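Structure, as structure tokens:
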Amino acid sequence: MVKQYDYLVVGAGLFGSIFAREATDRGKRVLVIDRRNHIAGNVYTRDVGGIHVHEYGPHIFHTSQEYIWNYVTRFAAFNNFTLRTKASYGGRLYSLPINLYTMHQIWPDVITPADAIAKLASEVRPNPNPANLEEHMLAQVGPTLYEMFVKGYTEKQWGRSATQLPASIIKRLPVRLTMNDRYFHDSHRWEGIPIGGYTKLVENMLVGIEVKLGIDYLKDRVQLNELAHKVVYSGPIDAFFDYAEGHLEYRSLRFETEERAGDYQGNAIINYTESSVPYTRIVEHKHFEFKDTEHTVITREFPAAYTGSNEPYYPVNDAINNAIFDRYRERTASVTNVIFGGRLASYRYYDMDMTVGNALTQVEKEFGAGMEFALKKPLRK
Ligand code: UDP
């Protein structure tokens, strides 16, 4: 049977859309499908009276890799937003990520970096081989800062004790002995939010590419596979293999969004770090875009168990789940006409830049191109 397409791309998020763009630019025939009724996957933003609401949680693009920045800025201009989250604990606001000013707020005598070093020396519990997130943080900052800013947040976010979580989860965030309160590591030189929203960014990636929404690949895979020579799959890896190696664990979220008048919190994100508050953070979307509108949209983010009928947001990369994933990865080796990638198929806690890097690597593998394609001139509209 003559195939209508070279590639059937399953999932119109960042991974699928980048693959689709690069394949199309190489003269391939591509169809993109998505189970949802919109493009852009979890980076989707909905326009509410000019405010771009991050429907599936806040997304701030940041990267240490120039080629990744060059690639995404082909499709949108980015603003100069830099994330500076505050923490709310016991009814007071604190500077985050843990830095010299945070320590000053807790211990007013800590004023200089030398004071902070001395204070931490009296707080930390040295441990050359921390076995989990809790031991890692106790060795790095000690119990006071750990209890205030990490333990409560982490345990509600992940639904388990911090002694059962890998330290890698918290290493995403810096601890500083300076007043620098930028949320992300300084090696991430490039940061911003696409002007016009992420949906527009992905729309620009998909210009001229056929997209069909509301199509569930796993339900109709036999017929859908007939359409193309190869499938590019960015959904959950365990679902792809009908859970033959067991169910992978994910963490889900529930969002409560409301529109209000004025300015609710004066910042894009405030984390609620104590365990007695059921949500982890409040996002005020207009502050990602420096908008001075009379209305505002805020979202409370509640961590939730993944039930199979809600969204699988975060992979739980503990030893048990990683072992299950390894077995799925072995299975992928024998499926020659499917390319796997993205956060869910890779079962990795990818940030957006890592997903972009993952997609470009897959493009390079598939088409043998060098990375020079990432440095092309702007395509944005
Ligand atoms: N975290 C924390 N306290 C905070 C913020 C984050 O303990 O105030 C921990 C928590 O375990 C979280 C991880 O650091 O899962 C990564 O945080 P990040 O803000 O990067 O999470 P994301 O935005 O990806 O949900």
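The values are calculated or read from the model by the stated rules, or taken from the named source; none is laboratory data. All of these numbers come straight from a predicted model, not from anything done at the bench. Here Cβ is always computed from backbone atoms with ideal geometry, including for glycine, and neighbour counts include all displayed protein chains.
Results, tabulated for the structure shown:
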{"quantity": "Extreme residue, modelled with the highest pLDDT, among residues of the stretch 160-178 that are of a type outside the set (Gly, Ala, Ser) and outside any loop (DSSP other than H, G, I, E, B)", "calculated": "THR163"}
{"quantity": "Single residue of TYR349, TYR328 found to be in a loop (DSSP other than H, G, I, E, B), touching a Phe, Trp or Tyr at 6+ places or on another chain (Cβ under 7 Å) and surrounded by 15 or more Cβ atoms within 10 Å (Cβ to Cβ)", "calculated": "TYR349"}
{"quantity": "Pairs where the first residue, in the stretch 1-17, is basic (Lys, Arg) and the second is part of a loop (DSSP other than H, G, I, E, B) and surrounded by fewer than 24 Cβ atoms within 10 Å (Cβ to Cβ), C-beta under 7 Å, 6+ apart", "calculated": "LYS3/LEU227"}
{"quantity": "Selection count, the stretch 84-134, where residues are basic (Lys, Arg) and over 28 Å from TYR279 (Cβ atoms)", "calculated": "2"}
{"quantity": "Matching entry among PRO303, PRO312 (being outside any strand (DSSP E or B) and either modelled with pLDDT of 95 or more or surrounded by fewer than 16 Cβ atoms within 10 Å (Cβ to Cβ) (or both))", "calculated": "PRO312"}
{"quantity": "VAL207 vs. criteria assigned to a loop (DSSP other than H, G, I, E, B), closer than 30 Å to ASN37 by Cβ and more than 16 Å from the ligand (Cβ to nearest atom)", "calculated": "yes"}
{"quantity": "Hey, TYR272 surrounded by 15 or more Cβ atoms within 10 Å (Cβ to Cβ) and under 19 Å from GLU155 (Cα atoms) or not", "calculated": "yes"}
{"quantity": "Complete set of residues in the stretch 181-204 that are within 16 Å of the ligand (Cβ to nearest atom), in a loop (DSSP other than H, G, I, E, B) and either touching a residue at least 60 places away in the same chain (Cβ under 8 Å) or basic (Lys, Arg) (or both)", "calculated": "ASP181, ARG182, TYR183, PHE184, HIS185, SER187, HIS188, ILE193"}
{"quantity": "Residue match in the stretch 280-296 (condition: among the aromatic types (Phe, Trp, Tyr), away from the ligand (no atom under 15 Å from the Cβ), modelled with pLDDT of 95 or more and under 15 Å from ILE51 (Cα atoms))", "calculated": "yes"}
{"quantity": "Test: SER252 is of a type in the set (Gly, Ala, Ser), more than 24 Å from the chain's Cα centre (by Cα) and either within 16 Å of the ligand (Cβ to nearest atom) or in a strand (DSSP E or B) (or both)", "calculated": "no"}
{"quantity": "Residue list for the stretch 29-72, restricted to those being part of a loop (DSSP other than H, G, I, E, B), touching a helix residue (DSSP H, G or I) at 6+ places or on another chain (Cβ under 9 Å) and on the phi < 0 side of the Ramachandran plot", "calculated": "ARG29, HIS38, ILE39, TYR44, GLU55, TYR56, PRO58, HIS59, ILE60, SER64, GLN65"}
{"quantity": "The lone exception for THR332 - which of (1) modelled with pLDDT of 95 or more; (2) of a type in the set (S, T, N, Q); (3) within 16 Å of the ligand (Cβ to nearest atom) it fails", "calculated": "(3)"}
{"quantity": "Pairs with Cβ under 7 Å, 6+ apart, first in the stretch 251-270 and within 30 Å of LEU344 (Cβ to Cβ), second modelled with pLDDT under 95", "calculated": "ARG251/VAL316"}
{"quantity": "For PHE290: the one exception among (1) on the phi > 0 side of the Ramachandran plot; (2) without any contact (Cβ under 8 Å) to a residue 12 or more places away in the chain", "calculated": "(2)"}
{"quantity": "Pair list, Cβ < 7 Å and 6+ apart or interchain, from the stretch 151-168 residues that are among the aliphatic types (A, V, I, L, M) to residues that are part of a helix (DSSP H, G or I) and near the ligand (Cβ under 8 Å from one of its atoms)", "calculated": "ALA162/LEU133; ALA162/LYS151; ALA162/THR154; LEU165/LEU133; LEU165/THR154; LEU165/TRP158; ALA167/LEU133"}
{"quantity": "Elements of type helices (runs of 4 or more DSSP H) in the stretch 81-159, at least 3 residues being more than 18 Å from ARG281 (Cβ to Cβ) and either modelled with pLDDT of 95 or more or within 12 Å of the ligand (Cβ to nearest atom) (or both)", "calculated": "100-106, 113-123, 133-140"}
{"quantity": "The stretch 160-174 - residue that is near the ligand (Cβ under 8 Å from one of its atoms) and under 21 Å from ALA87 (Cα atoms) and, of those, farthest from the chain's Cα centre (by Cα)", "calculated": "ALA162"}
